[in-house]
Amino acid sequence: MSGILHALARHGYLSLAVLVFLESVGMPVPAALALAAAGAAAATGLLNPLTAIAVALAAIICGDTILFFVGRTTGWLLLGILCRLSANPESCILLSAESFYKRGRLTLVVAKFIPGINTMAPPLAGSMKMRLRQFLWLDAAGASLYVLAYGVTGYVFSDFLAMLTRGAETASRTLAWLVALAIVVYAVYHAVLYWKHRVYRVVPRVQADEVVRRMTEDAAAIMIADVRSHGYYDAGSERIRGSLRLEPNKLPQALQDLPRDKEIYLYCT
Amino acid sequence: MREATSARVAHLLRENGFSAYVIVGGLAGWRKAGLPMEVVPAGELVQLPTFG
């Protein structure tokens with residue numbers, strides 16, 4: 001961790017730019033620490049404060065804009081992937097989209113301070129077709145707040161560097177434990193899922209070409225149902241030809257309308 | 001688990017007396033096998049809010 005501070009002292013603006021850029025594209029890099037260190041370096045005359053601010057802002061906005069365009073070109077794919085982890089993907093997508101629609105502008109401004117959200121906000125803005133100019137304004141506001149908050153902290157507290165170095169060592173140990181804990185929780189979660197799903201493994205499975213064979217044999221005797229919880233958001237999305245949508249959330253109502261005399265073939269992603 | 005949603009729904013349908021099956025590989029497998037696809041009709045798309 002103190003390596004970061006040494007690098008910052010030696011390569012100044014370049015290492016500052018690299019660190020904040022990496023964080024803005026989602027890498028777990030302690031950019032806030034780098035900003036505070038840059039602030040302290042500026043206080044001792046090692047860096048020019050205005051240049052440091054400009055460099056940091058440019059790097060952050062650059063990284064965020066890349067993610068913005070990733071969101072814009074992949075549409076709802078990203079949100080779909082993230083929501084797949086939740087218990088109810090469909091409502092996860094709807095609620096996240098609605099919440100970001102209502103609070104997205106403010107979210108972009110404060111996102112930098114919230115791990116996780118900082119990486120998600122720019123691509124979501126892109127997914128939701130925010131105008132580039134508006135995005136850039138909001139993102140610049142957010143980036144300025146972030147850079148100033150940490151930069152000024154580093155600048156004001158003269159012995160901040162030493163304190164940070166000590167704090168950072170404790171922080172990295174805590175982080176290592178947290179990562180280990182997260183891995184355990186993840187493994188347990190999947191073990192529980194596996195156990196819960198054991199009953200589903202007795203459901204008969206059919207190869208795709210077998211379904212096609214049945215379809216050409218007697219199309220009226222079968223039905224193909226799309227149970228994906230996403231795939232219906234982006235214009236031009238594709239599905240199996242002739243399939244009908246069956247929303248997993250609305251299954252109880254759908255049971256009335258489903259044909260009892262047909263073979264129902266289900267597919268998801 | 002692969003085909004998680006379809007397996008869950010198929011199980012539920014079977015409990016309710018339907019003859020339900022899971023297509024192995026899902027949509028990805030179907031596409032990979034080069035079997036017929038179609039574009040989702042505009043009327044069936046779900047509208048999510050956008051800033052546009």
Matching strands (runs of 3 or more DSSP E) fully within the range A:194-269 where at least 1 residues are facing chain B (nearest Cβ under 7 Å) and of a type in the set (D, E, K, R) = A:238-240, A:263-267
task = Evaluate the following for A:Glu169: is it more than 30 Å from B:Val40 (Cα to Cα) and more than 10 Å from chain B (Cβ to nearest Cβ)?
result = yes
inquiry  = Against the conditions (1) over 30 Å from B:Gly34 (Cα atoms); (2) modelled with pLDDT under 80, where does A:Tyr189 fall short? Just the number, please.
reply    = (2)
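Do we have any residue at all in the range B:35-50 that's of a type in the set (Ser, Thr, Tyr), more than 28 Å from A:Tyr101 (Cα to Cα) and within 7 Å of another protein chain (Cβ to nearest Cβ)?
No, the range B:35-50 contains no residue that is of a type in the set (Ser, Thr, Tyr), more than 28 Å from A:Tyr101 (Cα to Cα) and within 7 Å of another protein chain (Cβ to nearest Cβ).
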task = Evaluate the following for A:Ser229: is it at pLDDT below 80, among the hydroxyl-bearing types (Ser, Thr, Tyr) and not assigned by TED's automatic domain parsing to the domain that holds A:Asp261?
result = no
note = Of A:Arg214, A:Arg239, the only residue that is charged (D, E, K, R), in contact with a strand residue (DSSP E or B) (Cβ under 6 Å, 6 or more places away or on another chain), closer than 16 Å to A:Thr269 by Cβ and without any contact (Cβ under 8 Å) to a residue 60 or more places away in the chain is A:Arg239
request  = For A:Arg103, state whether it is in contact with a helix residue (DSSP H, G or I) (Cβ under 6 Å, 6 or more places away or on another chain), under 30 Å from A:Gly236 (Cα atoms) and either surrounded by fewer than 23 Cβ atoms within 10 Å (Cβ to Cβ) or outside the structural domain of A:Val179 (by TED's automatic domain parsing) (or both).
outcome  = no
ask   = Given the structure, is A:Ala191 farther than 19 Å from A:Cys92 by Cβ and in a strand (DSSP E or B)?
value = no
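The values are calculated or read from the model by the stated rules, or taken from the named source; none is laboratory data. Computed from a prediction, not measured in an experiment: that's the story for all the values here. Please note: Cβ atoms are built from the backbone with ideal geometry, for glycine as well, and neighbour counts cover all protein chains shown.
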